[in-house]
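Novice: My questions will all concern the structure given below.
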């Protein structure tokens with residue numbers, strides 16, 4: 001398995017896609033029930049294959065990832081060969097970027113002296129999707145990049 005198996009909640013969310021995947025493997029609903037009873041090893045294998053297919057598609061299409069901690073926001077732009085990163089940090093311990101109030105405060109106070117902004121970029125050191133998966137596993141969220149682009153414009157960084 002290249003990534004990790006989807007969670008129960010993710011499988012439930014993707015149940016129609018999983019049913020189509022099983023149908024493409026010539027496994028109908030009745031056969032799936034039998035396999036679950038008699039061949040749990042094969043069931044696990046099918047779930048793993050489907051999970052890898054889903055992860056591969058999600059990661060291949062991911063253009064931006066955001067990661068929030070109490071005192072920092074990491075914004076990633078995920079190109080094909082290069083990953084760019086903007087970090088917003090605060091030294092104000094009253095601000096929590098993991099809360100709505102903290103994010104709103106950051107948006108409304110972008111020029112505050114307690115905020116620092118950093119930009120960096122690098123080539124991937126591993127396969128692109130593996131690096132993105134590692135970011136997601138550490139709490140990163142795939143996004144549309146609105147915050148990244150807004151902050152990039154604000155700090156005036158052009159690459």
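Novice: Using Cα atoms only, what is the angle between the long axis of helix 40-61 and the major principal axis of the chain, expressed in degrees (0 to 90) to the nearest 10?
Specialist: Result, in degrees: 30.
Novice: Continuing with this model, one more query. How much mean residue ellipticity at 222 nm does the chain get from its helices, if each DSSP H run of length 4 or more adds -39500 (n - 2.57) and you divide by all residues, to the nearest 500 deg cm²/dmol? Intermediate values should be presented prior to the final figure.
Specialist: Working: 7 runs with 77 residues, N = 159.
Using -39500 (n - 2.57) per qualifying helix, the result is -14500 deg cm²/dmol.
Novice: Give me the number: length gained by fully extending residue 124 to residue 92, i.e. 0.36 nm times residue separation minus the C-alpha to C-alpha distance, one decimal in nm. It would help to have the intermediate numbers written out before the result.
Specialist: On the way: separation 32, 0.36 × 32 = 11.52 nm, distance 3.24 nm.
In short, 8.3 nm is gained.
Novice: Per 0.36 nm of contour for each residue apart, how much would the distance between residue 20 and residue 134 grow if the chain were fully extended, relative to their Cα-Cα spacing?
Specialist: Gain on extension, residue 20 to residue 134, equals 38.3 nm.
Novice: Per q in 0.13, 0.15, 0.25, 0.30 1/Å, what log10 I(q)/I(0) does a Debye calculation on the alpha-carbon atoms of region 8-61 return?
Specialist: One equal scatterer on each Cα of region 8-61 leads to -0.31, -0.42, -1.08, -1.35.
Novice: Further question: May I ask for log10 I(q)/I(0) of the chain at q = 0.09, 0.10, 0.11, 0.19 Å⁻¹, from a Debye sum over the Cα atoms as equal point scatterers with solvent left out?
Specialist: Log10 of I(q)/I(0), two decimals: -0.42, -0.50, -0.58, -1.12.
Novice: Still on this structure, I have one more. Just to be sure I understand the curve: with the Debye formula and one point per C-alpha of region 64-155, what is log10 I(q)/I(0) at q = 0.14, 0.16, 0.19 Å⁻¹?
Specialist: So the normalised log intensities work out to -0.49, -0.63, -0.87.
Novice: So how tilted is helix 29-38 from the main axis of the chain? Cα-based, degrees 0 to 90, rounded to 10.
Specialist: Helix 29-38 and the main axis of the chain meet at about 90 degrees.
Every number here is computed from the coordinates shown, using simple stated rules; none is lab data. Since the model is a prediction, treat every value here as computed from it, not as a measurement.
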